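Undergrad: Sharing a structure, written as structure tokens. Questions coming.
The values are calculated or read from the model by the stated rules, or taken from the named source; none is laboratory data. Keep in mind the model is a prediction, meaning the values are calculated, not measured. As a convention, Cβ positions derive from the backbone with ideal geometry for all residues, glycine included, and neighbour counts pool all protein chains shown. What goes into the accessible areas is simple: the full protein's heavy atoms, side chains included, and nothing from ligands, DNA or RNA. Shrake-Rupley method; radii C 1.70, N 1.55, O 1.52, S 1.80 Å.
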There are 2 protein chains.
Amino acid sequence: MNTLSDSASPLYEKVKDFVLGNIGSGKWARNSRLPSENELVSALGVSRMTVHRALRELTSEGHLRRIQGVGTFVAPPRPRSTLIEISNIITEIKTRGSRHRAEVVVLERIARPEPELLLAFEFETVKPVDHSVVIHFENDLPVQLEERYVNPNLVSGYIDQDFAAVATYDYLQNATPLTEVEHLISALPANAEQARLLNVRPGDCCLILHRKTWTGPVVATVNTFTYVGSRYSLGSRYLHGGK
Amino acid sequence: MNTLSDSASPLYEKVKDFVLGNIGSGKWARNSRLPSENELVSALGVSRMTVHRALRELTSEGHLRRIQGVGTFVAPPRPRSTLIEISNIITEIKTRGSRHRAEVVVLERIARPEPELLLAFEFETVKPVDHSVVIHFENDLPVQLEERYVNPNLVSGYIDQDFAAVATYDYLQNATPLTEVEHLISALPANAEQARLLNVRPGDCCLILHRKTWTGPVVATVNTFTYVGSRYSLGSRYLHGGK
DNA sequence: AAGTGGTCTAGACCACAAT
DNA sequence: TTGTGGTCTAGACCACTTA
């Protein structure tokens, strides 16, 4: 006896569809127990490995929760966290078909960093910190002010690069493996220096993106990206669920 | 002959570790071909199903690329897209240990929506649109102005709810399944109405989050969340790679 | 024709939880 | 002890690519 559809997809996909259908229709309520693997084997006429694969994949996709020795349950409604993807400004500008240009404003090694900067790096002892400020232009209009502080212990040769030619992003990506990233997005008025570099008036709205990255337990970079509010927006389109 | 580690993890995990180790050490370069499943079976002394499961999982995790009839390859370095997670404002406020309160400013059915609103909904014919404006307070300080336009064909009874008691977010989540979400984040000065409702001065920096959601091919909701720039920031911490 | 990955099975043994 | 999910195998057949 086989209650699975006849289309040409693999059996385990049909089992997944069967399960999702029963959840979607409300026949199998939230947190209720599913039939056991062996019951599904009998009911659907497929092998246990096939049922098991279907249930395992549905579990890793967040639809089910399985407890060894107990059973399989319909997972509570997913948090539906919606995500914004932050990508490379250069790629983004070029994707829009615009012309990109970068201008290096500062590229230096700071021998004695301010205490608050050391704090951001979670340094235990005073170390030099590399520092860069780059302006990114889209068709000669400044859109992003990119300020980076880099841990020279993890990234060597940072201040010897020509970041008008090489993207800081690419250089860092190859220099050290990132294991963790922290973001903070806020909206603040431009200060005098930001206004001058981005060619706006002081007090104009800016979108500020703070990004801090780690390589293992060590802070690799501390970054601040300032976007002109009226010229830029972070965007994303996200597909939910997905079968 | 067995070159896998001796720890107590499942065999397929050891195979995965073996593969990841060879990639991580550079022994198997980017885009290079892995040994075939049968070769790994011989080399590692496990069954083909076990090798297959390991490679399948590594593929779905983005480490490998497989082409039927051709082979298995080390995937090119991942785009390292970094993500911001947007969560429910109410949960967020409560997580911080603050007191949340919501105030309904507008709750109405718009019989004849403006053309630009219809455009956002991609409506083919003129339909009524439900509309709500809610202010969210954190300890009696307004932090978010939430404006929603809702498709009444997908969500029934929206304008009959008491959104001071029920979160619009929760109601919508249960009313219609979201299949797609689009976000746009920008920074703009507050207009007169925003300033009045959020208790700031006109022109003050605001963080604007536009969210548009779909149920299948149909636009379900069009939302604008306005945050006071000085009182709020979107944040996230994200673990990379991770095995 | 030979080699690759993709699927599927029947049966086995295990760890775990409930009874 | 029974039933659950977790893993593993040997062998089979298939679809696909390359030569």
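Undergrad: Scan segment A:165-191 residue by residue and report those that are hydrophobic (A, V, I, L, M, F, W, C) and more than 17 Å from the chain's Cα centre (by Cα).
TA: Residues satisfying the conditions are A:ALA165, A:VAL166, A:ALA167, A:ALA175, A:ALA187, A:LEU188, A:ALA190.
Undergrad: Quick check on this structure: which one of A:SER42, A:SER36 is within 9 Å of DNA strand D (Cβ to nearest atom) and either within 14 Å of another protein chain (Cβ to nearest Cβ) or surrounded by fewer than 16 Cβ atoms within 10 Å (Cβ to Cβ) (or both)?
TA: A:SER36
Undergrad: Same structure again: Within segment B:33-48, is there a residue that is under 30 Å from B:GLN161 (Cα atoms) and touching a Ser or Thr at 6+ places or on another chain (Cβ under 7 Å)?
TA: no
Undergrad: Looking at the structure I just gave you, is B:LEU107 within 12 Å of DNA strand C (Cβ to nearest atom) and either open to solvent by less than 70 Å² (accessible area, probe 1.4 Å) or part of a helix (DSSP H, G or I) (or both)?
TA: Taking the combined requirement at face value, the residue does not satisfy it.
Undergrad: Report, ordered by the first and then the second residue, all pairs with beta carbons closer than 6 Å, sequence separation of six or more or different chains, a first member in segment B:61-72 that is in contact (Cβ under 8 Å) with a residue 12 or more places away in the chain, and a second member that is β-branched (Val, Ile, Thr).
TA: Pairs that qualify, where the first residue is in contact (Cβ under 8 Å) with a residue 12 or more places away in the chain and the partner is β-branched (Val, Ile, Thr), are B:LEU64/B:THR72.
Undergrad: For the subset of segment B:194-232 comprising residues that are surrounded by fewer than 19 Cβ atoms within 10 Å (Cβ to Cβ) and touching a His at 6+ places or on another chain (Cβ under 8 Å), which member is farthest from the other protein chains (Cβ to nearest Cβ)?
TA: Taking the candidates together, the pick is B:THR224.
Undergrad: Here is a further query. I'm told A:ARG78 meets every condition in (1) charged (D, E, K, R); (2) at pLDDT 85 or above; (3) out of contact with any Lys or Arg (no Cβ under 6 Å at 6 or more places or on another chain) except one. Can you identify the failing condition by its number?
TA: A:ARG78 satisfies every listed condition except (2).
Undergrad: For A:VAL166, state whether it is modelled with pLDDT of 80 or more, away from every other protein chain (no Cβ under 14 Å) and in contact with a Ser or Thr (Cβ under 7 Å, 6 or more places away or on another chain).
TA: no
Undergrad: Please specify each residue of segment B:38-58 satisfying the condition of being more than 7 Å from DNA strand C (Cβ to nearest atom), in contact (Cβ under 8 Å) with a residue 12 or more places away in the chain and of a type outside the set (A, V, I, L, M).
TA: B:GLY45, B:THR50, B:ARG53, B:GLU57
Residues checked against (1) under 30 Å from B:ILE208 (Cβ atoms); (2) open to solvent by less than 30 Å² (accessible area, probe 1.4 Å):
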position: A:HIS100; (1), (2): yes, no
position: A:ARG112; (1), (2): no, no
position: A:PRO128; (1), (2): no, no
position: A:PRO142; (1), (2): yes, yes
position: A:GLU146; (1), (2): yes, yes
position: A:VAL155; (1), (2): no, yes
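Undergrad: Only residues that are within 12 Å of DNA strand C (Cβ to nearest atom) and open to solvent by 50 Å² or more (accessible area, probe 1.4 Å): list them for segment A:59-75, please.
TA: Listed by number, the residues that qualify are A:ARG66, A:ILE67, A:GLN68, A:GLY69, A:VAL70.
Undergrad: For segment A:26-74, enumerate the residues that are under 14 Å from A:LYS14 (Cβ atoms) and hydroxyl-bearing (Ser, Thr, Tyr).
TA: Within segment A:26-74, A:SER47, A:THR50 meet the criteria.
Undergrad: What is the one condition in (1) facing chain A (nearest Cβ under 9 Å); (2) small (Gly, Ala, Ser); (3) surrounded by fewer than 20 Cβ atoms within 10 Å (Cβ to Cβ) that B:SER186 does not satisfy?
TA: Going through (1) facing chain A (nearest Cβ under 9 Å); (2) small (Gly, Ala, Ser); (3) surrounded by fewer than 20 Cβ atoms within 10 Å (Cβ to Cβ) one by one, B:SER186 breaks only (3).
Undergrad: Could you figure out which of (1) within 28 Å of B:THR213 (Cβ to Cβ); (2) touching an Asp or Glu at 6+ places or on another chain (Cβ under 8 Å) isn't true of A:HIS183?
TA: Every listed condition holds for A:HIS183 apart from (2).
Undergrad: Tell me, which helices (runs of 4 or more DSSP H) wholly within segment B:18-97 include 3 or more residues that are farther than 30 Å from B:ASP140 by Cα and not hydroxyl-bearing (Ser, Thr, Tyr)?
TA: Because the criterion is at least 3 residues that are farther than 30 Å from B:ASP140 by Cα and not hydroxyl-bearing (Ser, Thr, Tyr), the helices (runs of 4 or more DSSP H) in segment B:18-97 that meet it are B:37-44, B:48-60.
Undergrad: Now for a different question. Please enumerate the residues belonging to segment A:49-58 that are near DNA strand D (Cβ under 7 Å from one of its atoms) and either closer than 14 Å to A:THR72 by Cα or buried (at least 18 other Cβ atoms within 10 Å of the Cβ) (or both).
TA: Hits for segment A:49-58 are A:HIS52, A:LEU55, A:ARG56.
Undergrad: A follow-up question, please. What is the residue count in segment A:59-82 for residues that are over 12 Å from A:LYS16 (Cβ atoms), within 14 Å of chain B (Cβ to nearest Cβ) and near DNA strand D (Cβ under 9 Å from one of its atoms)?
TA: Total satisfying the criteria: 1.
Undergrad: In segment B:27-53, how many are within 13 Å of B:LEU4 (Cα to Cα) and hydrophobic (A, V, I, L, M, F, W, C)?
TA: The total comes to 6.
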